[in-house]
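Engineer: Once you've had a glance at the structure underneath, I'll fire off some questions.
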Amino acid sequence: MALLQPLTDLAEICYAHGMRHVVISPGSRSAALTLAFARHEGFKKHVVMDERSAGFIALGMAQQLKAPVILICTSGSAAYNYAPAVTEAFFQQISLLILTADRPLEWVHQLDGQTIYQTDIYGKHVKKSFAIPSDYTHQDARWMINRTVNEAAILTHSKPFGPVHINVPIREPFYPSEGEKISVSQAIRVVRKTESEAILSVETWHDLLNAWDDFDRILIAGGQHRSDERLNTALAKISEELDIPVLGDSLANQKGYPDFLTYQDVFLPHANTDNLRPDLLITYGLSFISKAFKQFLQKNPAIQHWHISEDSHLVDTFHSITHQIPVSAEYFFENLFEKIDYQLFVQGSDPENDSSYKALWKQNDAKSAAVLGQYLNNLSMLNDLTSVNLLINSLPDGAQLHIANSMPIRYVNALGNRVSRLEIFANRGTSGIDGCVSTAIGAAMITSKPVYLLVGDVAFLYDRNGLLIQPLPDNLKIFVLNNSGGNIFRMIDGPAALPELENYFETRHTFTAKRTSEDSHITYFEAGNMGSFQDVLPAFLQTDKISVLEVFTDPVENAKAWKGLKSYVGENW
């Protein structure tokens, strides 16, 4: 048996489980792992020198593939640099298989280089963490490694999805000798797990439909969710034929149907919410962006709240959950409509829920769209809000829009159905600014669609190491809002009034994206006023190479425009 044969076989087991992409950060202790995958013809290899960027690039790839991506790094702090991406993947339920090389256990805390406590390094932010032995001579050790790798691979494919970690202590020597061939074992045991689809029993459906009939005001709300035509079709039927209001943040990717509600972030702070409180609330998806919507439901709890989720955690964002229903949203809403529709057909009756409830939501939504349109039409200066609006109106149908956290995601969410033509992504698992550039890069490396990233200057600068890889994907275009700092703190009532605002919260700076673009051979555009912005925007959108458009805005004017929108809506309500 070759010295590190179990690690060579590890790569083959991953391949047998359908994994095809591996993101590798260079290192010495990880050499055996790197070579096992590098010399395997079945994998597409991506080399990223910065582990923090590598983690998010892998996340963006897995997000598009809907399949696990493998990460490989050396020992020590390299493994810790994956942590932001691992936590984001955990809360977004995106599958990664993380392979961290390590020193043998006996060398921990013995002043040996690149040696830290790596076992369970990601804590509760992985589905499971494994450690394999560093000595492979005994048959039981090789059996344990095979079993462990199979179990880890199975977990990456099991719902709820998420990252899985294998810590791999490796003894020297870990480089092959000159001319040594690396090949997989003749017979590798691959363990399969038969997946089953979660469904509800006849009795459970009977109880749910009886409960449905007891409520007049029923509301369906979607949190962050991948674009899903089946799901949207089912929701549209429920909304149109059963008179049920259906709403979602921009990240819910509810699109293609005029009945979907999208402006709740605009009107809920101003509308008469007494008549909007639901009797039955049905939610699905991950986190909600709209603070106004969360506060509305917390202050106006439903009598019953059903959350559709295959998550193992009980999520109670609105302080009202009464039922967690562990099935997919597509399955639930397709079956819900079919069963209610059949029941109404057999009875020869119309829906008994209050149709005026949906009309109230629609009325508020339509009024918000009109008032928002009036306000935007009255703005002539270039600021963050106007530039985001003009950008979104110019993007091609079906394009992907990746959005950084802080203000960019809030601007987009306020624009309602103006973004319904697009497929929306954002790292809202932990809602950090780190990794948004790298995530978009990873996504663009996989999809053939045009990918646009809307990002603030601080988030762009924070993650520019993602742009060190070569080649960069030409279908990616990056739109940078440069207001010289963290402009969101000027929008928040607390820090906005403090004398320390600029130095300790906004962290004002004079950096731009120009030098980064030059270093990475990215076509660069810039604009500082409405005229120059309108001149360069078409060129930015039409170039067939990766490009950056940096828009320079005034943080004071941005705050005026954003707060002015809220005031305008209130005055015209």
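Table: residues versus (1) of a type in the set (Phe, Trp, Tyr); (2) over 12 Å from residue 76 (Cα atoms); (3) in contact (Cβ under 8 Å) with a residue 60 or more places away in the chain.
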residue	(1), (2), (3)
101	no, no, yes
109	no, no, no
115	no, no, no
126	no, yes, no
136	yes, yes, yes
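Engineer: While we're here: Considering only residues of the range 92-114 that are part of a strand (DSSP E or B) and not hydrophobic (A, V, I, L, M, F, W, C), which is modelled with the highest pLDDT? Please lay out each step first, then the result.
Structural biologist: First, pick out the residues of the range 92-114 that are part of a strand (DSSP E or B): 96-102.
Now drop any that are not not hydrophobic (A, V, I, L, M, F, W, C), which leaves 100, 102.
Details: 100: 98, 102: 95.
Among them, the one singled out is 100.
Engineer: Given the criterion within 24 Å of residue 399 (Cα to Cα), surrounded by 14 or more Cβ atoms within 10 Å (Cβ to Cβ) and modelled with pLDDT of 95 or more, identify the matching residue among 219, 208, 231.
Structural biologist: Of 219, 208, 231, the one residue that is within 24 Å of residue 399 (Cα to Cα), surrounded by 14 or more Cβ atoms within 10 Å (Cβ to Cβ) and modelled with pLDDT of 95 or more is 231.
Engineer: If you check 121, 154, which single one turns out to be surrounded by 17 or more Cβ atoms within 10 Å (Cβ to Cβ) and more than 15 Å from residue 7 (Cα to Cα)? It would help to see each step written out before you state the result.
Structural biologist: Values: 154 fails: surrounded by 17 or more Cβ atoms within 10 Å (Cβ to Cβ).
Answer to the selection: 121.
Engineer: Just one of the numbered conditions (1) surrounded by fewer than 17 Cβ atoms within 10 Å (Cβ to Cβ); (2) farther than 30 Å from residue 427 by Cα is not true of residue 197; which one?
Structural biologist: Result: residue 197 fails condition (2) only.
Engineer: Still on this structure, please answer the following. Anything in the range 370-404 that is of a type in the set (Val, Ile, Thr) and not assigned by TED's automatic domain parsing to the domain that holds residue 531? List them, or say none. Quick ask: steps written out before the conclusion?
Structural biologist: To start, the set of residues in the range 370-404 that are of a type in the set (Val, Ile, Thr) comprises 371, 386, 388, 392, 403.
371 - this is the single residue of the range 370-404 that is of a type in the set (Val, Ile, Thr) and not assigned by TED's automatic domain parsing to the domain that holds residue 531.
Engineer: For the range 269-286, what are the residues that are modelled with pLDDT of 95 or more and surrounded by 17 or more Cβ atoms within 10 Å (Cβ to Cβ)? Step through it out loud before you land on a result.
Structural biologist: Pass one, the range 269-286, residues modelled with pLDDT of 95 or more: 276-286.
Passing the criteria: 276, 277, 278, 280, 281, 282, 283, 284, 285, 286.
Engineer: Let me ask another. Please go through the range 79-131 and pick out each residue that is of a type in the set (D, E, K, R) and within 27 Å of residue 285 (Cβ to Cβ). Give the derivation first.
Structural biologist: Of all residues in the range 79-131, those of a type in the set (D, E, K, R) come to 88, 102-103, 106, 112, 120, 124, 127-128.
88, 124, 127, 128, listed by residue number.
Engineer: Follow-up question, since we're still on this one. So, in the range 425-453, exactly how many residues are buried (at least 24 other Cβ atoms within 10 Å of the Cβ) and not hydroxyl-bearing (Ser, Thr, Tyr)?
Structural biologist: Looking only at that region, the number is 13.
Engineer: Over 28 Å from residue 375 (Cα atoms) and either crowded, with 22+ Cβ neighbours inside 10 Å or at pLDDT 95 or above (or both), is that true of residue 543? Talk me through it step by step, then tell me what you get.
Structural biologist: Numbers: over 28 Å from residue 375 (Cα atoms): yes; either crowded, with 22+ Cβ neighbours inside 10 Å or at pLDDT 95 or above (or both): yes.
Considered against the rule, which asks whether it is over 28 Å from residue 375 (Cα atoms) and either crowded, with 22+ Cβ neighbours inside 10 Å or at pLDDT 95 or above (or both), residue 543 comes out as yes.
Engineer: Whether any residue in the range 514-525 is touching a residue at least 12 places away in the same chain (Cβ under 8 Å) and within 28 Å of residue 377 (Cβ to Cβ) is what I want to check.
Structural biologist: yes
Engineer: Looking at the range 119-151, which of its residues are under 15 Å from residue 171 (Cβ atoms) and either part of a loop (DSSP other than H, G, I, E, B) or in contact with a Ser or Thr (Cβ under 6 Å, 6 or more places away or on another chain) (or both)?
Structural biologist: Those that are under 15 Å from residue 171 (Cβ atoms) and either part of a loop (DSSP other than H, G, I, E, B) or in contact with a Ser or Thr (Cβ under 6 Å, 6 or more places away or on another chain) (or both): 131, 132, 133, 134, 135, 136, 137, 138.
Engineer: Which one of 126, 164, 191, 149 is in contact with a Gly (Cβ under 8 Å, 6 or more places away or on another chain), among the β-branched types (Val, Ile, Thr), under 20 Å from residue 70 (Cβ atoms) and surrounded by 13 or more Cβ atoms within 10 Å (Cβ to Cβ)?
Structural biologist: Working: 164 fails: in contact with a Gly (Cβ under 8 Å, 6 or more places away or on another chain); 191 fails: in contact with a Gly (Cβ under 8 Å, 6 or more places away or on another chain); 149 fails: in contact with a Gly (Cβ under 8 Å, 6 or more places away or on another chain).
Exactly one of 126, 164, 191, 149 is in contact with a Gly (Cβ under 8 Å, 6 or more places away or on another chain), among the β-branched types (Val, Ile, Thr), under 20 Å from residue 70 (Cβ atoms) and surrounded by 13 or more Cβ atoms within 10 Å (Cβ to Cβ), namely 126.
Engineer: If you don't mind, there's one more thing I want to ask. For the range 440-470, name all the residues that are β-branched (Val, Ile, Thr) and in a loop (DSSP other than H, G, I, E, B). Lay out the reasoning, then the answer.
Structural biologist: Filtering the range 440-470 for residues β-branched (Val, Ile, Thr) gives 441, 446-447, 451, 455, 458, 469.
447, 469 - these are the residues of the range 440-470 that are β-branched (Val, Ile, Thr) and in a loop (DSSP other than H, G, I, E, B).
Engineer: Scanning the range 184-199 for residues that are more than 28 Å from the chain's Cα centre (by Cα) and among the hydrophobic types (A, V, I, L, M, F, W, C), which turns out farthest from residue 6 (Cα to Cα)?
Structural biologist: Let us first name the residues in the range 184-199 that are more than 28 Å from the chain's Cα centre (by Cα), namely 184-192.
Those still in the list that are among the hydrophobic types (A, V, I, L, M, F, W, C) too: 184, 187-188, 190-191.
Values: 184: 9, 187: 12, 188: 10, 190: 13, 191: 16 Å.
Looking at residues that are more than 28 Å from the chain's Cα centre (by Cα) and among the hydrophobic types (A, V, I, L, M, F, W, C), I get 191.
Engineer: Name the pairs: first residue in the range 270-281 and in contact (Cβ under 8 Å) with a residue 12 or more places away in the chain and more than 18 Å from residue 220 (Cβ to Cβ), second residue of a type outside the set (S, T, N, Q) and assigned to a loop (DSSP other than H, G, I, E, B), Cβ to Cβ under 9 Å, at least 6 apart or on different chains?
Structural biologist: 270/573; 271/573
Engineer: In addition: Mind checking whether some residue in the range 291-305 is among the β-branched types (Val, Ile, Thr), over 24 Å from residue 210 (Cα atoms) and in contact with a Leu (Cβ under 8 Å, 6 or more places away or on another chain)? Before the answer, list the steps.
Structural biologist: Within the range 291-305, the subset among the β-branched types (Val, Ile, Thr) is 303.
From what is left, the residues that are over 24 Å from residue 210 (Cα atoms) are none.
No, the range 291-305 contains no residue that is among the β-branched types (Val, Ile, Thr), over 24 Å from residue 210 (Cα atoms) and in contact with a Leu (Cβ under 8 Å, 6 or more places away or on another chain).
The values are calculated or read from the model by the stated rules, or taken from the named source; none is laboratory data. Note that this is a predicted model, so its numbers are computed, not measured. Cβ coordinates were reconstructed from backbone atoms using ideal geometry, including for glycine residues, and neighbour counts include every protein chain displayed.
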